1. Calculate the all-directions average of the projected area of the range 283-418's alpha-carbon convex hull, and give it in nm².
2. Shape verdict for the range 381-421, please, from the Cα gyration tensor: rounded (a/c under 1.5), prolate (a/b greater than b/c) or oblate.
3. Between Val35 and Ala191, what FRET efficiency follows from the Cβ-Cβ distance if R0 is 45 Å, with the result rounded to 0.05?
4. Taking a point 7 angstrom from the Cα of Val306 along the C-beta vector, which residues in the range 378-421 have backbone N less than 16 Å away?
5. Residue separation times 0.36 nm, minus the C-alpha to C-alpha distance between Trp93 and Arg273: what's the value?
6. When the accessible area of the range 42-93 is split by element with a 1.4 Å probe, what percent falls to carbon and sulfur?
7. Can you give the calculated 222 nm mean residue ellipticity of the chain, where each DSSP H run of n ≥ 4 adds -39,500 (n - 2.57) and the sum is split over every residue, rounded to the nearest 500 deg cm²/dmol?
8. Would you work out the relative contact order for the chain, in percent, from Cα pairs under 8 angstrom that are 6 or more residues apart?
Amino acid sequence: MPRPDAEQLLLDAEVDVRPSPQASAARRALLAHPVLLLVGIVLASLNMRAALAGVSPLVGEISGDFGLSATATSLVTSVPVLFLGAGAAVAPWLARRFGAEQVLCGALVLLAAGILLRVAPSTYALYGGGVLVGSAIALLNVLMPGLIKRDFPDRAAAMTSVYTGSMIAGATLAAAASVPLEHAFGGGWQASLAFWSLLALVAAVAWVPQVLIARGRTGHEVRATGTGTGTGRSVWRSALAWQVTLFMGLQSLWTYVLIAWLPTIFTDHGMSRSTAGVIFAFNNLIQVAGAFLVPLLAGRMRSQRVLVVLVTGLVAAGYAGLLAAPVAGAWLWSGLLGIGQGGAVGLALTLIVLRSGDAATASRLSGMSQTVGYLLAAVGPLAAGAVHQATGGWTVPIVLVLAVCAAALGVGLLAARDRRV
């Protein structure tokens, strides 16, 4: 593919716009301080799962305090995931209207507010806070690939590794610290969850300089012209875009089932809650390896089919282990699942970039894949909880997830071909 010209490299992450002269000057000013931008990306990425992973080790206490059934408990984790999809639908419009930097900063403030609302003494606040948390993370999820494609066009795969690794590191920290924080704050799950609002506020502060620079981009909402792939064919009419989208959705589904229920699967088989929390944290920690390495490998391959087989195979093996010997092999299954999960999400996000010809297409494909993908993924925790409640065990839910792995393998092999949307 020919190298894009300078104007194309400055194409905004906001869909279908080209920068005005003021926009270009502001963008160059921001890129003159790459460390500042990198710190902002890392801090924002740390928040992209922490508020979700921090709930899972505490879900038993939350359920007990509110007297929730297994299905109602699954909504604690399903509602945010549902709004990962719903929020993704409006992210491109917000970015066009206000600019990517302003929306990212606002999303971090919204995330902090949602976390605090979720700990209020009301089931309405519990679920309402989940709506805000999911919507805020959706904005971060959708805008990050386009922003990376715009600001780091020659290092997109490497920067995808950085932000996916940071995302999973945040989840690991939240999973490992939730129960200790609960004990440190006197046994209250509310204080443990509220603590993560501080991480979101710190990240929001880190984005303030970028927002101030971006405010100089007067008149940046200039419609793009030309014949590039970013302004022509709708991604919604592309078979390849749907393949990328379905792979994103299916790998998200198996991941959010684990985020919601992995500690509960262990404790239902007799493991202590503290041990289950440590193994869950290990599952998140080991994801960093897959999330960092797989995008780097994917960026050096014309076709990523072997990586699709690798990550789906690891996840399927881990789920099969949970079915056969959930406690005896808990560390092994968590390790296999972690490497597969991290590799799968890194690969899914990298495919968005690699299958796109420019930043505008990457932003639109990101919006599509995460809108549809997370709406699909939201079914996972809710369905797993409902089936568990109906059958009284975890065998049927795990078998259903193994079927999801098979479907992800099929669409992933199609999405991994060397083509462009």
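1. On the way: hull surface 33.1 nm².
Seen from a random direction, the Cα hull of the range 283-418 projects 8.3 nm² on average.
2. On the way: a/c = 7.30, a/b = 3.28, b/c = 2.23.
Note, shape of the range 381-421 comes out prolate.
3. Numbers: r = 34 Å, r/R0 = 0.75.
It comes to 0.85.
4. 413, 416-418
5. Details: separation 180, 0.36 × 180 = 64.80 nm, distance 4.30 nm.
Length difference between fully extended and current span is 60.5 nm.
6. Details: 980 of 1390 Å².
Its accessible area is 71 percent carbon and sulfur atoms.
7. Working: 16 runs with 330 residues, N = 421.
The helix contribution divided over the chain gives -27000 deg cm²/dmol.
8. 27
The values are calculated or read from the model by the stated rules, or taken from the named source; none is laboratory data. Worth saying up front: this structure is predicted, and the values here are computed from it rather than measured. Using ideal geometry, Cβ is built from the backbone for each residue, glycine included, and neighbour counts are taken over all protein chains shown. SASA here: full protein model, heavy atoms, side chains in, ligands and nucleic acids out. Shrake-Rupley method; radii C 1.70, N 1.55, O 1.52, S 1.80 Å.
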